[in-house]
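The values are calculated or read from the model by the stated rules, or taken from the named source; none is laboratory data. Owing to the predicted nature of the structure, the values given are computational and were not obtained by experimental measurement. All Cβ positions, even for glycine, are placed from backbone atoms using ideal geometry, and neighbour counts span all protein chains on display. Calculation scope for accessible area: heavy atoms of the full protein, side chains included, ligands and nucleic acids excluded. Shrake-Rupley method; radii C 1.70, N 1.55, O 1.52, S 1.80 Å.
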Amino acid sequence: MADKPVIISDENSGKQLELPVVRGTAGEPTLSIKSLPKELGYFTYDPGFTATASCSSAITFIDGGQGILRHRGYPIEQLAKQSSFLEVAYLLLKGDLPKASEYAEFERDITYHTMVHEKLNTFISGFHYDAHPMAMMAGAVGSLAAFYHDRLDMNDPEHRMLAAKRMIAKMPTIAAACYRHHMGWPSAYPKNRLSYTERFLDMMFSVPAEDYEVSEVAARAFDLLFICHADHEQNASTSTVRLVGSTGANPYAAVSAGISALWGPAHGGANEAVLNMLEEIGDVSKVPQFIQRAKDRNDPFRLMGFGHRVYKNYDPRASIIREAAHEVLADLGTSDPLMDLAMELEQIALKDEYFVEKRLYPNVDFYSGIIYKALGIPTSMFTVMFAIARTVGWVSHWLEHCENPTPIGRPRQVYTGPAERDYVALKDRG
Ligand code: CMC
């Protein structure tokens, strides 16, 4: 049965307005407020979009209360266990799991586009060696429009899909190039006989002087982490990509903006911040002291890797990654005191009234850094790993937007500045 509209009465004007209830295939009912300014003369005020759906989308569903995440209907737990990153990429981009022949063609396509124009390496080499890799990524990806402007007709579906595939294919190559520039190592080229994650690891760590064999444990762990980071509906960076896309800007510009949004510590930068925080805590005995700081309203310190705008339950990706962190450490035959510290921190926080009451649970970033660290990824590259994986989500949302465009994203504001006043000449200002 269809929902009845919600009727709002405006006591100021004596008018009433029926607002239709919009329902998707799952999730909360949503009020369509488009007619509000025209009919009643009001805008709505929702800083941070805590109560606003900016678009409709068929890609990812989250039920934050229940801790559910599904891509195109498939639970993240099943994808993490049974699928691969490239297959999830196909699913997010195209809407369904591929048949074997479709998967083979997709893998071939992505593999074909892994190289970057040689001048892009020259471009990256222009950065200072100690530039943050996310700064280099944002610059390098934005510059792709200058290298691949041959196929940038946004009204042509083939051009759009090519741009999407190019980005998924080239992101690991660019990420590795940024790392190698920082290290002062010569360029490494993609070896297309390797899988997506093996190829990335090879480009990251192989050096001309030594033989390098990609560890199977590492490639598998990366594949899992990339699946867990591939998409997460209208998060800050994806909304940024959609917003930039809504202006008609090219997808490389949109994804570059997404990378910049992801960098913030409240978003993807949290994985780097978690590791820095664990290192700062240093010892299990200091955990209560840091928990106390996180609860202190006058202290800007927050427990990084904890809390989420949408999840008010355990982030399902955090459970998958925590289990994987144990497996990776066991497979590598190592242990990491930071893992013990993280688990202790989690245990104490989950029992603490403050965290319980505010429903703050570990999120995707809480354990991912421990795996990256175990696999030799430097802390400053953690958010870059997130960016490689999330590129799939960004381009899927950008494609969805292009197929079903919303008007240019243009929020309104509540103006709080001075009322109109007259200009006073400089000499008369006293
Ligand atoms: N430590 C301590 N207190 C917290 C934390 C935290 N990590 N997160 C939220 N709170 C408190 C917050 O101070 C607020 O308290 P009060 O109601 O007294 O003002 C309450 O919980 C609600 O928090 P909020 O800031 O209104 O929630 P939000 O939805 O605006 O923010 C968040 C979500 C993820 C930005 C926030 O939880 C946070 O800063 N977490 C730490 C950073 C982090 O781990 N980010 C990664 C997010 S998941 C991956 C991704 O999206 O990229």
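Quick one: which helices (runs of 4 or more DSSP H) sit completely within the stretch 273-376 and have at least 2 residues that are of a type in the set (A, V, I, L, M, F, W, C) and under 20 Å from the mean Cα position of the chain (by Cα)?
By residue number, 316-332, 365-374.
Is the stretch 402-409 home to any residue that is closer than 27 Å to residue 249 by Cβ, modelled with pLDDT of 95 or more and in a helix (DSSP H, G or I)?
Yes, the stretch 402-409 contains at least one residue that is closer than 27 Å to residue 249 by Cβ, modelled with pLDDT of 95 or more and in a helix (DSSP H, G or I).
Contact list please: Cβ distance under 6 Å, first residue in the stretch 116-141 and closer than 26 Å to residue 271 by Cβ, second residue surrounded by 18 or more Cβ atoms within 10 Å (Cβ to Cβ) and of a type in the set (Lys, Arg), pairs at least six apart or on different chains.
116/170
Find all pairs meeting these conditions: Cβ atoms under 6 angstrom apart; at least six residues apart or on different chains; first residue within the stretch 308-320 and open to solvent by less than 30 Å² (accessible area, probe 1.4 Å); second residue part of a helix (DSSP H, G or I).
Short answer, once both residue conditions are applied: 316/76; 317/228; 318/366; 320/80; 320/228.
(1) open to solvent by 40 Å² or more (accessible area, probe 1.4 Å); (2) in a helix (DSSP H, G or I); (3) touching a His at 6+ places or on another chain (Cβ under 9 Å): which one isn't true of residue 129, the others all being true?
Answer for residue 129: the failing condition is (2).
Scan 180, 151, 166, 160 and give me the residue that is crowded, with 22+ Cβ neighbours inside 10 Å and of a type in the set (D, E, K, R).
Numbers: 180 fails: crowded, with 22+ Cβ neighbours inside 10 Å; 151 fails: crowded, with 22+ Cβ neighbours inside 10 Å; 160 fails: crowded, with 22+ Cβ neighbours inside 10 Å.
Result: 166 is the single residue among 180, 151, 166, 160 that is crowded, with 22+ Cβ neighbours inside 10 Å and of a type in the set (D, E, K, R).
What are the residues in the stretch 297-341 that are farther than 12 Å from residue 365 by Cα and within 9 Å of the ligand (Cβ to nearest atom), if any?
297, 301, 302, 309, 310, 311
Can you list the strands (runs of 3 or more DSSP E) found entirely within the stretch 13-96 that contain at least 2 residues being open to solvent by 70 Å² or more (accessible area, probe 1.4 Å) and farther than 23 Å from residue 164 by Cβ?
On the way: elements: 16-19, 60-63, 68-71.
Per the criteria, 16-19.
With respect to the numbered conditions (1) under 30 Å from residue 58 (Cβ atoms); (2) free of Cβ contacts under 8 Å to residues at least 40 places away in the same chain; (3) open to solvent by 30 Å² or more (accessible area, probe 1.4 Å); (4) of a type outside the set (Lys, Arg), which one is the sole condition not fulfilled by residue 264?
(3)
Is one or more of the residues making up the stretch 368-390 open to solvent by less than 30 Å² (accessible area, probe 1.4 Å), farther than 17 Å from residue 220 by Cα, modelled with pLDDT of 95 or more and more than 15 Å from the ligand (Cβ to nearest atom)?
yes
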